[in-house]
Amino acid sequence: MPIKESNYWLESVPEPAKGSAGPLPASVDVAIVGGGFCGLSAARTLAKRGVPVALLEAETFGWGASSRNGGMVLTGMKLPVPTLIRRYGREAVQRMYAASLESIDLVEKIIREENIDCHFSRCGHLEVACKQAHFNAYTEAAAQIQREFHHELRIVPKSELRAEIGSDIYFGGMVDETSTGLNPAQYVSGLAKAAQRAGASLFDHARVLRVSPQLIAGNRTFRVETPRGNLTAKEVILASGAYTTGATPALRKKIIPIGSFIIATEVLDEDLARELSPRNRQIHDSKNYLFYYRLTPDNRMLFGGRAAFFPETDQTIRKSAEILRLGMIDVYPQLRDTKVEYVWGGTLDFCFDIMPHAGQIDGVHFAVGYAGHGVAMATYQGQKMAEWIAEGKTDNPFAEIAFPGAPFGLYNGKPWFLPFAGAYYKVLDWVS
Ligand SMILES: Cc1cc2nc3c(=O)[nH]c(=O)nc-3n(C[C@H](O)[C@H](O)[C@H](O)COP(=O)(O)OP(=O)(O)OC[C@H]3O[C@@H](n4cnc5c(N)ncnc54)[C@H](O)[C@@H]3O)c2cc1C
């Protein structure tokens, strides 16, 4: 059977959330651009506070990264703690780290409150060291995280690694029991239905073509144009992530869209699945050009990575399937004869400083830059932006840091430099 070039997770959502068929309202308090975790979380929060809100999604709810990801709900941020502290200072980073833990609790709370059936499990995550030097650095990293954030990580020496992973290629590991796993397509669909139940108006197939400020009776509002009609909003939230287009050019120029790809095997038998991942961890390795992998709830091996740096096209998806399969059997020779049944790709939203950002740009609110840590952080940022609009103030630590654009401004949203960046990170993985 040929590999299906489609997102495995979507098959587990028999009744995806559907948008309103009717016309857009003429005016709302808040218009949200994008219906992934971030936009839907903002819509749910605003609607629960009684704020009239319309969410406009170009495709279907969760169509972007939110249904395509690995479903790993991870603690911390992409950058190492020493780099963060050097850049932002101890107190700011303590608040950011606390926000990352709070974001996981928030996902859990929403899932419980809204009864979202999405296989949420506090199974923990395991980082595995590709080199002895990477493993040696774990001890200091764990001590620092305990000292600065009172958060416990457990070091696993190579001699004990078989209790965590059925692979012998790594030099040891580090476990964080707080991280969780879920089925992202079920979660995002549940979030959309929860926002609708709370009273938010959600529109799919409603691509925003332009957002422009206008004055009505002396008050600043925004005109939001779509092929389904236009609306006027007092406030706008941009939650379009890596899929941000020229409709909002100022934000697009700040985002680097980077491809990430995933394969899923056929269903494994229970014994093999337990051998590969005895504690059902969410796993990633220690490289820059990393692999991330986990079992799905029905015991497939889901294996992802930045196999091609460019965003998904038919070509990059097909090429990635073979690169990822080879990577998978390098980690797990046991899967040499296992069939790969699915391959798909998605686009990650990186900012130039590899940090999440929230704030206002051209008068509209935005949150972006989750860099592969977006399941919980996008949910959190959506809620934070909604609270900011409703209360007129925010304590969001990611709204306080500078939001850099491209060096020398040489960027219009088309990432011409990705092949060079990809080569740079590959070299870095050889030498460090
Ligand atoms: C392959 C892959 C694996 C990943 N794995 C993980 C993981 O395991 N753990 C983790 O934490 N994170 C992971 N991520 C990252 C995570 O999925 C994202 O950070 C998160 O989903 C971002 O959510 P969002 O709501 O900001 O954006 P998205 O979910 O991308 O939603 C943006 C939406 O905006 C819409 N849109 C764009 N422009 C317009 C417009 N003009 N008008 C209307 N709508 C518009 C798009 O159609 C899209 O649906 C992964 C991402 C990918 C691609």
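Quick note: the coordinates plus some simple rules give every number you see, no bench work behind them. Just so it is clear, the structure is predicted and the values come from calculations on it, not from any experiment. Every residue, glycine among them, receives a Cβ derived from its backbone with ideal geometry; neighbour counts consider all protein chains shown.
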Using only Cα positions of region 1-141, each an equal point scatterer, no hydration layer, compute I(q)/I(0) via Debye at q = 0.18, 0.21 Å⁻¹ and quote the log10 values to two decimals. -1.24, -1.40
Taking Cα atoms, the helix 37-48 axis meets the longest principal axis of the chain at an angle in degrees (rounded to 10) of 50
Sorted by Cβ neighbour density within 10 Å, fewest at the top, the residues D314, D362: D314, D362
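In region 1-84, what GluC sites (Glu not before Pro) fall in a loop by DSSP, with at most 14 other Cβ atoms inside 10 Å? Before the final figure, lay out the partial values.
Working: sites: E5, E11, E57, E59; in loops: E5, E57, E59.
For GluC sites (Glu not before Pro) across region 1-84 that sit outside H, G, I, E and B with at most 14 neighbouring Cβ atoms in 10 Å, the list reads E5, E59.
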Roughly how many nanometres apart are two label points built 7 Å out from the Cα toward the Cβ at A92 and A163? 4.0
Overall dimensions of region 87-185 by Cα: Rg and Dmax, Å: 15.8, 44
Find the Rg to Rh ratio for the chain, where Rh is the Kirkwood radius over alpha-carbon pairs and Rg uses the same atoms. 0.96
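So how much slack lies between L326 and S27, counting 0.36 nm per residue of separation and subtracting their Cα-Cα distance, in nm?
On the way: separation 299, 0.36 × 299 = 107.64 nm, distance 5.26 nm.
Additional length available on full extension: 102.4 nm.
Among the listed pairs K254/K287; K78/K319; K287/K393, which have their C-alpha atoms separated by more than 30 angstrom in this model?
K287/K393
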Please report Rg over Rh for region 35-83, where both radii come from the alpha carbon positions and Rh follows the Kirkwood definition. 1.12
Per q in 0.10, 0.17, 0.18, 0.19 Å⁻¹, report the Debye log10 I(q)/I(0) for region 231-380, using one uniform scatterer on each alpha carbon and no solvent. -0.43, -0.97, -1.04, -1.11
Using a Förster distance of 45 Å, the FRET efficiency for R318-T139 (Cβ separation, nearest 0.05): 0.60
So what's the angle, to the nearest 10 degrees on a 0 to 90 scale, between helix 374-391 and the longest Cα principal axis of the chain? 30
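Ranking request for peptides 164-175, 377-388: highest mean number of other beta-carbon atoms within 10 Å first, then the rest in descending order. All intermediate terms of the calculation are to be shown ahead of the outcome.
Numbers: 164-175: 19.6, 377-388: 26.8.
Top of the packing list down: 377-388, 164-175.
Highest mean first, what order results for 249-256, 366-373 on Cβ atoms within 10 Å? Could you put the intermediate results ahead of the total?
On the way: 249-256: 18.9, 366-373: 26.2.
With the highest mean Cβ count within 10 Å placed first, the list reads 366-373, 249-256.
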Ranked from fewest to most other Cβ atoms within 10 Å of their own Cβ, R228, R300, R220 fall in the order R220, R228, R300
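Efficiency by 1/(1 + (r/R0)^6): what FRET value for K253 and E113, r their Cβ-Cβ distance, R0 = 22 Å, to the nearest 0.05?
0.05
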Starting from 0.36 nm per residue, how many nanometres of slack lie between R154 and L209 once their C-alpha separation is accounted for? 14.9 nm
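Which length gain, in nm to one decimal place, applies between D269 and K393 when the Cα-Cα distance is subtracted from 0.36 nm times their residue separation? List each step's numbers first, then the result.
On the way: separation 124, 0.36 × 124 = 44.64 nm, distance 5.21 nm.
Answer, rounded to one decimal: 39.4 nm.
Sorted by packing (mean other beta-carbon atoms within 10 Å per residue), highest first, where do 211-218, 97-104, 36-43 land? Can you show the working numbers first?
Details: 211-218: 10.0, 97-104: 19.0, 36-43: 31.9.
Order by mean packing, descending: 36-43, 97-104, 211-218.
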